[in-house]
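Peer 1: Okay, here's the structure, questions in a sec.
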Amino acid sequence: MIKAILRQLLLVGILSVMLQSLAYSEGLKKWLDEKGQVHYGDRVPAQYLRKEHSELNSQGVIVHTTQALKTEIEESEEKKRQAIQLEIKKAQMIKARKQMLRDRVLLDTFTTEKDLVIARDARIEALDSQISLAKTLISHDTTKLQGIKKRIKRIRDSKREPPENLLKSERSVSRQLENNHSYIKEKSAERSEILRVFDEDVKRFRELKAKKATVPRK
């Protein structure tokens, strides 16, 4: 038993001396083969140069590691990943800059939350007036178009062709109706957006005011 232990210690000592002698010469190299087994030597075989390998000092401590070289596909994927991360970072910076400018406008333009409400109500009132006017025009043009269509029908019932100016009037009034309906749809969407943005602005305004109140005065 003692002899076996002594033999193992002797082998370890011999291996240590061999490792030190290799390290003192050109530097001991360490690499893995395809099966994941560790190898040591004074030179990395050519087939493993593209894989990760390390250099050890005389104490067997790794002093330098050469990372594995990427394949063309891996390099391409890495470039794509870096490009995506760069775009995300740019988008985040732009968003932060816009938010900073928006915060400055809120604080410079409005003193109280009531000022925000007044500004919102003024814009909503203006839009409501425009929508109301468009609805009035639609009502008027609808009645007008009905009258034109009746005249055209009477003429055709009498086996005659309606005059061109009457047909042009029909087309013109129809276009005006379509335009006013589109206008109301557009202004209604704008109205909803104003209310949405207002809710966000009020929430942000409260946050900024609360943050400003907690900052100690110098």
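Peer 1: For ARG156, indicate whether it is surrounded by fewer than 15 Cβ atoms within 10 Å (Cβ to Cβ), not hydroxyl-bearing (Ser, Thr, Tyr) and not assigned by TED's automatic domain parsing to the domain that holds SER192.
Peer 2: no
Peer 1: Another one. Go through the range 93-102 and give me each residue that's basic (Lys, Arg) and within 13 Å of the chain's Cα centre (by Cα).
Peer 2: LYS95
Peer 1: For residues that are more than 9 Å from the chain's Cα centre (by Cα) and among the polar types (S, T, N, Q), scanning just the range 74-92, find the one that is farthest from LYS51 (Cα to Cα).
Peer 2: That would be GLN85.
Peer 1: In this structure, does LEU49 turn out to be of a type in the set (A, V, I, L, M), under 30 Å from SER188 (Cα atoms) and not assigned by TED's automatic domain parsing to the domain that holds SER188?
Peer 2: For LEU49, the condition - of a type in the set (A, V, I, L, M), under 30 Å from SER188 (Cα atoms) and not assigned by TED's automatic domain parsing to the domain that holds SER188 - is not met.
Peer 1: Moving on to the next point. When you check LYS95 against the structure, is it in the same structural domain as LYS185 (by TED's automatic domain parsing) and at negative phi, yes or no?
Peer 2: Spelling it out, it is not the case that LYS95 is in the same structural domain as LYS185 (by TED's automatic domain parsing) and at negative phi.
Peer 1: Next question. I'd like to know if the range 170-188 contains one or more residues that are part of a helix (DSSP H, G or I), in contact (Cβ under 8 Å) with a residue 60 or more places away in the chain and either in contact with a strand residue (DSSP E or B) (Cβ under 7 Å, 6 or more places away or on another chain) or within 18 Å of GLU125 (Cβ to Cβ) (or both).
Peer 2: Checked the range 170-188: at least one residue is part of a helix (DSSP H, G or I), in contact (Cβ under 8 Å) with a residue 60 or more places away in the chain and either in contact with a strand residue (DSSP E or B) (Cβ under 7 Å, 6 or more places away or on another chain) or within 18 Å of GLU125 (Cβ to Cβ) (or both).
The values are calculated or read from the model by the stated rules, or taken from the named source; none is laboratory data. Just so we're clear, the structure is a prediction, and the values are computed from it rather than from any experiment. With ideal geometry, Cβ positions are generated from the backbone for all residues, glycine too; neighbour counts draw on all protein chains shown.
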